[in-house]
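Quick notes on the structure that follows.
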Amino acid sequence: MRHLTEIRWHGRGGQGAKTAALLLADVAFQAGKQVQGFPEYGPERMGAPITAYDRISDREIRVHSNIYEPDFVAVVDDTLLHTVDVTAGLKEDGAILINTVKPAEEILPLLKGYAGKVYLLDAGKVCMATLGKYFPNTPMLAAMVKISDVMEIDVFLREMETSLRHKFARKPEVLDGNLKALRLALEEVKECR
Amino acid sequence: MSTRTRMSGNEAVAHAIKQINPDVMPAFPITPSTEIPQFVATMIANGEIDTEFIPVESEHSAMSAAIGASAAGARAITATSSCGMALMWEVLYVAASSRLPIVMALVNRGLTGPLNINAEHSDSMGARDSGWIQIYAENNQEVYDNFLQAHRIAEHQDVHLPVMICQDGFITSHAVQNITLWDDEPIRRFVGEYEPEHYLLKENETMAVGPYAVAPYCMEAKKAQAEAMKRARKVILDVAEEFEQITGQHYGFFEGYRLEDAEYAVVAIGSVCGTVKDAVDALRERGVKAGLLKIRVFRPFPGQEIGEALKHCRAIAIMDRSESYSSQGGPLGAEVTAALYRAKAAAETVNIMYGLSGRDVRVEDMEQVYEQLRKLADGQVSFAEYPYLGLRDGTNDCLSR
């Protein structure tokens, strides 16, 4: 594990990329880390590209800038690959995680020559199978924890269960679906290069 | 004694309000401070506090209602940002000159235009002559701690002035970070109950608030207000010392970071100071004697102390996050330069405009500022104009990316 891990999230307004970034900061805090989770704000509206960030460290985090050379990038919507430079500054010893239904051969040419690891996840399939609704951020969060190795997976699942149990105290049926989504995403995320 | 948790700057202010449980909060929503009244309204709905929340129709009304409540004898607070505070303008002065200890959570955001919602200090810097005490924060912990100290300063019998507790919009207001929360009981004892000596609802006492003053009396009132601002200096330090006894957190007028032996110093306010600290550490590892003076209290302005703390430096960059369109630089530049002159400092200075409308500042940008300070001290560069940091069009080349 690195002493500082920096993660950048790309999504579209309404898909939960910001929520995923804040949830990751939250669960990393539960695992004993120093954290910083923040969105980049502008004139956000449903469907517009948004960016959010995480810093996770064993040391105090003082810097307050955006992240330009992330260790990991998550793309919650693959249509962004055509319009946003998602691999900008991404470290070659890091990785990119993309939510897509498409095969690797269609995605890889869109990554502007990024030579690091690429992971694909059909987060839509995972959330439809477990939650019955399109909330791709929950599976993407689990997959990001797995590929970034910012915490042990069993610690992540335990802390997520605690916080989801609190969040959905009055909707236990949603709790089960979310936990299944996390576990299924951990199985489904595939390294394609 | 305390709880380690994580929350955003806005949540941290809301938690401070929960612990203080003020009497009245009139507020009108405006980005990026909107969450604060939202959180407070939720706490009231949940029965966690019994603050009277007044949903007003504008910020002018929010401050007017706070003035009315405070004059009546209540502990009154509000929260706002940017053009919200601009709409309070007239009544900001009424609050201060009526000597009402209102506390405002100001989430700093630029004033239009172009229309923008991001961090800048033009809102509070524009109000720097309104008679409000101004205290700034680097992060969520500091804005929480500052808010807890605000009522003690505002309500002190030697002060009786309103206080604005400032933090950078989005950069700290919406960033979730680690924070230590202090237990309710010691904080409630520390903040105490508000027991004003004179107030409108006091039985058997009549008084007027905000009446017309004729010329033979008006100037004396202003002088008395100015004296109260001077007395606030001691009160701010006394309250900080008492706060430190409870929490272990140290606060003063400003924080010097590796400043004592620094040859090159940056003077700044707010969230950028965390970024500057990382730059200072990186430069120190390379043998460069870099340091930071982070201003916490801007009103009253601790000019003498700042001058003394900086006068040994060879070169100083004063960072402004607010244009004053004076053609000479920003408000912090003017005040710090004056303080250095009075301290008979020999340092070279440059006033740098940065971070307007949320323009991001990286550690590398600040390292470049220190490099310019070295060149300035060595006579290799001079600044006829005040430069902008990180401008897209490359104006002021030496400070562009």
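The values are calculated or read from the model by the stated rules, or taken from the named source; none is laboratory data. The model shown is predicted, which means the values in this text are computed figures rather than measured ones. Reconstructed Cβ throughout: ideal geometry from the backbone, glycine too, with neighbour counts over all protein chains shown. SASA here: full protein model, heavy atoms, side chains in, ligands and nucleic acids out. Shrake-Rupley method; radii C 1.70, N 1.55, O 1.52, S 1.80 Å.
Given a cut-off of 19 Å, what percent of all Cα-Cα pairs of region A:4-191 lie beyond it? The partial results should precede the final answer.
Working: 9789 of 17578 pairs.
When all Cα pairs of region A:4-191 are counted, 56 percent exceed 19 Å.
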**Prompt:** So, in Å, what gap is there between the alpha-carbon centers of region A:24-96 and region B:52-82?
**Reply:** 38 Å
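Is it possible to state the helix-based mean residue ellipticity at 222 nm for the protein assembly as shown, with each DSSP H run of 4+ residues giving -39500 (n - 2.57), the sum divided by total residues, to the nearest 500 deg cm²/dmol? What is it?
The per-residue figure over the protein assembly as shown is -12000 deg cm²/dmol.
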**Message:** Can you find, among A:L175, A:G11, A:A95, the residue sitting farthest towards the positive end of the charge dipole of chain A, where Lys and Arg contribute +1 and Asp and Glu -1 at Cβ?
**Reply:** A:L175
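Where a ≥ b ≥ c are the square roots of the eigenvalues of the C-alpha gyration tensor, would you call the protein assembly as shown rounded, which needs a/c under 1.5, or, failing that, prolate if a/b is larger than b/c, or oblate? Could you put the intermediate results ahead of the total?
Details: a/c = 2.10, a/b = 1.36, b/c = 1.55.
Because a/c hits 1.5 or more and a/b fails to exceed b/c, the protein assembly as shown counts as oblate.
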**Student exercise, the protein assembly as shown dipole from Lys, Arg, Asp, Glu Cβ charges, in Debye to nearest 20** = 480 debye
**Request:** With everything on Cα atoms, drop me the angle between helix B:331-342 and the longest principal axis of chain B, reported from 0 to 90° to the nearest 10.
**Result:** 70 degrees
**Request:** Positive end of the charge dipole of region A:1-105 (Lys, Arg +1 and Asp, Glu -1 on Cβ, about the Cα centre): tell me which of A:A74, A:Q30, A:I50 has its Cα farthest that way.
**Result:** A:Q30
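Mind checking B:1-12 for the average number of partner chain beta-carbons within 10 Å of each residue's beta-carbon? Could you put the intermediate results ahead of the total?
Working: counts 0, 0, 0, 2, 3, 11, 2, 3, 0, 0, 0, 0.
Average neighbour count from other chains, rounded to a whole number: 2.
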**Message:** Can you tell me the convex hull volume per residue for region B:254-399, based on C-alpha atoms, in Å³ to the nearest whole number?
**Reply:** 105 Å³
**Prompt:** Roughly how crowded by other chains is peptide A:28-40, in terms of the mean Cβ count from those chains within 10 Å of each of its Cβ atoms?
**Reply:** 4
**Message:** Run the numbers for B:A213 and B:Q225: contour at 0.36 nm per residue of separation, minus the present Cα-Cα distance, in nm.
**Reply:** 2.9 nm
**Message:** With an 8 Å Cα cut-off and a minimum separation of 6 or more residues, compute the relative contact order for region B:320-376 in percent.
**Reply:** 35 percent
**Request:** For chain B, with all protein chains present and a 1.4 Å probe, just round the carbon and sulfur fraction of the accessible area to a whole percent.
**Result:** 49 percent
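Under 12 Å from the Cβ of B:K375, count the other residues' Cβ atoms, weight Lys and Arg +1, Asp and Glu -1, and hand me the total.
Numbers: positive: B:R314, B:R374; negative: B:E348, B:E371, B:D378.
It works out to a net charge of -1.
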**Prompt:** Taking only C-alpha pairs under 8 Å that are 6+ residues apart, what is the relative contact order of region B:1-146 in percent?
**Reply:** 26 percent
**Message:** Looking at the protein assembly as shown only, what percent of DSSP beta bridges run antiparallel? Nearest 5 please.
**Reply:** 40 percent
**Message:** What does the buried accessible surface come to for A and B, summed over both chains, with the probe at 1.4 Å? Round to 100 Å².
**Reply:** 2000 Å²
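Work through the residues other than B:H198 whose Cβ is under 14 Å from its Cβ and net out their charges, Lys, Arg +1 and Asp, Glu -1. Don't skip to the end; give the middle numbers.
Numbers: positive: B:R99, B:K202; negative: B:E155, B:E195, B:E197, B:E203, B:E205.
Taking every Cβ under 14 Å from that of B:H198, the sum is -3.
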**Item:** Environment charge of B:D320, counting only residues whose C-beta is closer than 11 Å and scoring Lys/Arg +1, Asp/Glu -1
**Value:** -2
**Complete:** Expected vector for region B:49-61, Karplus 3J(HN,Hα) from phi with 6.51, -1.76, 1.60 and θ = phi - 60°, integer Hz, x for Gly and Pro, equals 9, 10, 4, 7, 8, 10, x, 8, 9, 6, 6, 4, 6
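Count of lysine pairs in region B:254-399 with Cα atoms under 14 Å apart, counting only pairs 8 or more residues apart in sequence or on different chains?
On the way: B:K277/B:K289; B:K277/B:K294; B:K289/B:K375; B:K311/B:K344.
Close lysine pairs under the 14 Å cut-off: 4.
Under 8 Å for C-alpha pairs, at least 6 residues apart: give me the relative contact order for region A:4-191, rounded to a whole percent. Kindly include the intermediate steps, with their values, before the conclusion.
Details: 372 pairs, mean separation 40.2, N = 188.
Averaging sequence separation for qualifying contacts and normalising by length gives 21 percent for region A:4-191.
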**Request:** Please give the helix B:35-45 orientation as an angle from the longest Cα principal axis of chain B, in degrees from 0 to 90, rounded to the nearest 10.
**Result:** 30 degrees
**Prompt:** For the Cα atoms of chain B, what angle does the longest principal axis make with the long axis of helix B:272-285, in degrees from 0 to 90, nearest 10?
**Reply:** 30 degrees
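Placing +1 at every Lys and Arg Cβ and -1 at every Asp and Glu Cβ, with all other atoms neutral, what dipole size does region A:4-191 have around its Cα centre, in debye to the nearest 20?
On the way: 23 positive and 27 negative charges, 128 e Å.
Roughly 620 debye for region A:4-191.
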**Prompt:** Counting only heavy atoms of protein chains, what accessible area per residue, in Å², does the protein assembly as shown have with a probe of 1.4 Å?
**Reply:** 42 Å²
**Asked** In terms of modelled amide H atoms, which long-range or inter-chain residues lie less than 5 Å from the amide H of A:I98?
**Response** A:V75, A:Y119, A:L120, A:L121
